[in-house]
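Here's the structure, in structure tokens; my notes come after.
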Amino acid sequence: ILGICAVKLGAKHAIMLDIDDVAIDATNLNAQTNNIKDKVTVIKKDVIYKPNNTIKGDILFVNINSKTNMDYAENVNNNLIDNGLVILSGILPEYREKIKDAYEKVGFMIVEELTMSNWITYILRKK
């Protein structure tokens with residue numbers, strides 16, 4: 001859904017990745033339903049748990065559990081161009097500082113921190 005929103009808001013193209021077959025099918029259906037199938041590439045690929053730098057984005061949306069987000073900051077870093085942005089959402093308050101520290105350690109700077117109810121989102125820039 002994040003990639004579809006990005007295209008709907010003006011992105012020229014979105015590469016959307018997931019490791020779950022049901023999510024891949026749902027993403028393809030949603031892209032077709034929203035008439036943006038020609039503006040997206042949907043791939044079953046793991047770039048979070050398995051280091052990979054074959055796909056580099058200028059903006060990454062990462063919505064995974066807080067512990068995984070913290071543990072795999074380096075892998076997120078590998079898939080982002082220099083000076084690119086990463087938007088980390090779905091962060092629980094008890095992981096706020098740990099995630100911030102993990103991403104700063106691998107070369108990100110905090111652009112903005114947003115809080116809604118009990119959820120935190122970080123917008124970070126790769127140095």
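Within the group Val7, Val42, which residue is more than 24 Å from Thr68 (Cβ to Cβ), in contact (Cβ under 8 Å) with a residue 12 or more places away in the chain and of a type in the set (A, V, I, L, M, F, W, C)?
Working: Val42 fails: more than 24 Å from Thr68 (Cβ to Cβ).
The conditions single out Val7.
Residue pairs, Cβ under 7 Å, 6 or more apart or interchain, first in region 73-91 and farther than 14 Å from Leu17 by Cβ and surrounded by fewer than 17 Cβ atoms within 10 Å (Cβ to Cβ), second among the basic types (Lys, Arg) and at pLDDT 90 or above. List them.
Asp82/Lys126; Asn83/Arg125; Asn83/Lys126
Name the single residue that is nearest to Asn79 (Cα to Cα) among those in region 10-39 being free of Cβ contacts under 8 Å to residues at least 12 places away in the same chain and among the β-branched types (Val, Ile, Thr).
Of everything passing the filter in region 10-39, Val22 is nearest to Asn79 (Cα to Cα).
Might you let me know whether region 23-46 holds any residue that is under 23 Å from Ile81 (Cα atoms) and in contact with a His (Cβ under 6 Å, 6 or more places away or on another chain)?
yes
Go through region 56-95 and give me each residue that's touching a Ser or Thr at 6+ places or on another chain (Cβ under 8 Å) and among the hydrophobic types (A, V, I, L, M, F, W, C).
Answer for region 56-95, where residues must be touching a Ser or Thr at 6+ places or on another chain (Cβ under 8 Å) and among the hydrophobic types (A, V, I, L, M, F, W, C): Phe61, Val62, Ile87, Leu88, Ile91, Leu92.
Restricting to helices (runs of 4 or more DSSP H) lying wholly in region 21-127: which have 1 or more residues that are under 19 Å from Gly3 (Cα atoms)?
Helices (runs of 4 or more DSSP H) meeting the threshold: 21-33, 66-71, 73-78.
The values are calculated or read from the model by the stated rules, or taken from the named source; none is laboratory data. Computed from a predicted model, the values in this text were never measured in an experiment. Glycine gets a Cβ as well: all are built from the backbone with ideal geometry, and neighbour counts include every protein chain shown.
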